[in-house]
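Trainee: Got a structure here, written out as structure tokens. Questions coming.
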Amino acid sequence: MKIFPKIILFISMQLFAVCVQAESVGDTLTHLLLNIHTMQANFSQTVKDQSLKKTLQSSQGVVSLQRPGKFRWDVKTPNPQLIIANDSRLWIYDPDLQQVTIRSFSKATGQTPAFLLSDANLSLAKDFNVEQKNAVSQIANQKIFVLTPKDKDNLFAQIKLTFLKNDIREMQLEDHLGHVTTIAFQHVKAGINLPASLFVFTPGDKVDVIDETKRQ
């Protein structure tokens, strides 16, 4: 008769330990992300198919961010494109078409990598199941986290973030079709002063402006 209380106590302790561990992993990742107040880095981005053998798209450029709410994604090659998030607005500029589209930048865009790297009020435990994976080849000071969205309508089925020390070095995004987008960051500079002009877009006279915020 005394066995059952012990079993219940043991199971309760195990469940408590799992909950504490899961919470601490989420807290660790949240701290790493929020510790990125400003950052600038070169990036290379590749999109591969389900087999991970065929490259569907590749690009290179420079990313700049300042928390909260400021983000600049400047694609240099092969097809130039500029994306700027400034608090509540998102500017997408295509220089080849001489066209800029303005959209709202809010929690709704939290399905994008920009949101994880620029939002000041992350709620990872609410939006994701977070796991920490073993470092690749036992690289010193490497931390790998896998985020699985709780919302099935999220654009991505899984997000993997890799840190070296406190710097983010790679983001890997898998969509529901199995396509994998890998964004590798090089020459990462964190905690630097960034000019306010980086996060402001002023269209030229010949630029066609499509303001979608006026329809909302």
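Any read-out appearing in this document is the output of simple, stated calculations on the displayed coordinates, not a laboratory observation. Quick caveat, the model's predicted, so the values are computed rather than measured. Backbone-built Cβ (ideal geometry, glycine too); neighbour counts: all protein chains shown.
Trainee: Sorted by average packing, counted as other Cβ atoms within 10 angstrom per residue and highest first, what order do 55-64, 161-170 take? Mind showing how you got there, number by number?
Mentor: Values: 55-64: 15.4, 161-170: 17.9.
Highest-to-lowest ranking by the protection proxy: 161-170, 55-64.
Trainee: With θ set to phi - 60°, apply the Karplus curve 6.51 cos²θ - 1.76 cosθ + 1.60 along the stretch 181-189 and write out the HN-Hα couplings as whole Hz, x wherever there is a Gly or Pro.
Mentor: Along the stretch 181-189, the couplings run 9, 10, 10, 9, 9, 10, 6, 6, 10 Hz.
Trainee: Quick query: amide H of Gly69 versus all other amide H atoms, modeled in the peptide plane; which residues come in under 5 Å with a sequence gap of 5 or more or a different chain?
Mentor: Residues meeting the amide H criterion: Asp119, Ala120.
Trainee: What residues qualify as long-range amide H neighbours of Asn129, i.e. H under 5 Å apart, gap of 5 or more or another chain, H built at 1.01 Å from N?
Mentor: Close amide H contacts, sequence-distant or interchain: Thr148, Lys150.
Trainee: Applying 1/(1 + (r/R0)^6) with R0 = 35 Å to the Cβ-Cβ distance of Ser44 and Lys214, what FRET efficiency is obtained, to the nearest 0.05? Let's see the in-between values first.
Mentor: On the way: r = 36 Å, r/R0 = 1.02.
The value I calculate is 0.45.
Trainee: While we're on this one: For the ranges 35-48, 201-214, 121-134, what's the packing order if you count other beta-carbon atoms within 10 Å of each residue, average per peptide, and put the highest first?
Mentor: Values: 35-48: 17.1, 201-214: 10.6, 121-134: 14.9.
Per-residue Cβ counts within 10 Å, averaged per peptide and sorted highest first, yield 35-48, 121-134, 201-214.
Trainee: When Lys and Arg each count +1 and Asp and Glu each count -1, what net charge do the other residues less than 12 Å away from Asp87, Cβ to Cβ, add up to?
Mentor: Working: positive: Arg67, Lys70, Arg89; negative: Asp119.
Cβ neighbours under 12 Å give a net charge of +2.
Trainee: How far is it, in nm, from the label point at Ser123 to the one at Gln99 when both lie 7 Å from their Cα along the line to the Cβ?
Mentor: Here the answer is 3.5 nm between the modelled labels.
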